[in-house]
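The values are calculated or read from the model by the stated rules, or taken from the named source; none is laboratory data. Note that the coordinates shown come from a computational prediction; the quantities given were computed from them, not determined experimentally. Heads up, the Cβs are rebuilt from the backbone with ideal geometry, glycines too, and the neighbour counts pull from every protein chain shown. Keep in mind that these areas ignore ligands, DNA and RNA; they rest on the heavy atoms of the full protein, side chains included. Shrake-Rupley method; radii C 1.70, N 1.55, O 1.52, S 1.80 Å.
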Amino acid sequence: MKKILTIAALLLSTGMCMSQQVASRAKAMRMMNFSREEYQIKDIKVYTDTMTVYSLSRYVIYPLGEWSSVEQYITDNQLHWYRDIGYRNYYDSMEVSVNRLRRTDDSYVDMYYSIWTKQVEILGGYIADSEVELVNGLHVGMSKDDVFKVFFKKYPKSYTADVTVLKVVSGANEVAEIYTFRGQKLKHIKFETAYKYY
């Protein structure tokens with residue numbers, strides 16, 4: 001009898017898990033219909049409290065804008081940044097000059113100038129300062145609803161109710177913007193990259 005109950009419980013939990021996956025996939029497919037064309041969203045995945053959006057837009061790679069030098073970014077955004085310059089090892093033991101721009105609240109962005117793209121590339125970062133604004137107008141302190149409205153024309157509010165993390169990932173999966181919410185507000189933004197070249 002115990003064996004039958006164990007098997008029944010296992011089948012029930014497996015069935016519930018599979019139905020949650022189907023529901024998450026259906027939700028993601030429906031959200032695709034509401035996506036804004038300029039972000040060229042090709043896929044959406046929902047897993048527990050995280051929604052991952054795969055985009056082919058250049059915005060994902062250049063959320064702070066496209067700049068030909070770090071100095072140009074610092075001058076144009078008119079915020080006070082503390083600047084540290086150092087070197088990091090990259091693919092095949094190359095060393096590249098990396099600029100870390102810091103704010104007083106531990107917000108930072110790591111950047112380098114790429115000889116291939118002739119532009120400043122982001123290597124990583126953490127933004128908790130509401131004064132730092134991304135090219136599309138996103139900044140810390142915005143409501144969750146306003147953040148989602150940047151990427152989607154409209155959507156059922158119930159689809160984002162449980163989402164506490166929104167990841168917007170580039171098509172090649174090399175750059176990710178991670179928006180973390182606390183309650184109904186955007187708490188911080190992270191940039192993560194997996195560049196293997198200079």
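Percent of Cα pairs in region 30-135 per distance bin of 5 Å, from zero to the largest separation: 2, 10, 18, 19, 16, 14, 12, 7, 1, 0. Label point of L79 set 7 angstrom out along Cα-Cβ; within region 99-120, amide nitrogens under 15 Å from it belong to 100-111.
Could you tell me the distance between the Cα centroids of region 56-75 and region 142-198, to the nearest Å? Each part's Cα centre sits 18 Å from the other's. Could you check the simple spin-label distance between D146 and H188, using points 7 Å along Cα→Cβ, in nm with one decimal? Placing both labels 7 Å beyond Cα along the Cβ direction yields 2.1 nm. Go through K118/K153; K154/K190; K118/K149; K45/K118; K154/K187 and tell me which ones have a Cα-Cα distance over 30 Å in this structure. Going by Cα-Cα distance, K118/K153; K118/K149; K45/K118 fall outside the 30 Å limit. Note on region 74-198: along the principal axes its Cα atoms extend 48, 33, 22 Å, ordered by decreasing extent. How about region 84-184: which chymotrypsin sites (Phe, Trp or Tyr not before Pro) there are in a DSSP loop, with at most 12 other Cβ atoms within 10 Å of their Cβ? The qualifying sites are W116. Protein heavy-atom surface of region 112-198, 1.4 angstrom probe: 52% of the accessible area is carbon and sulfur, with nucleic acids and ligands not counted.
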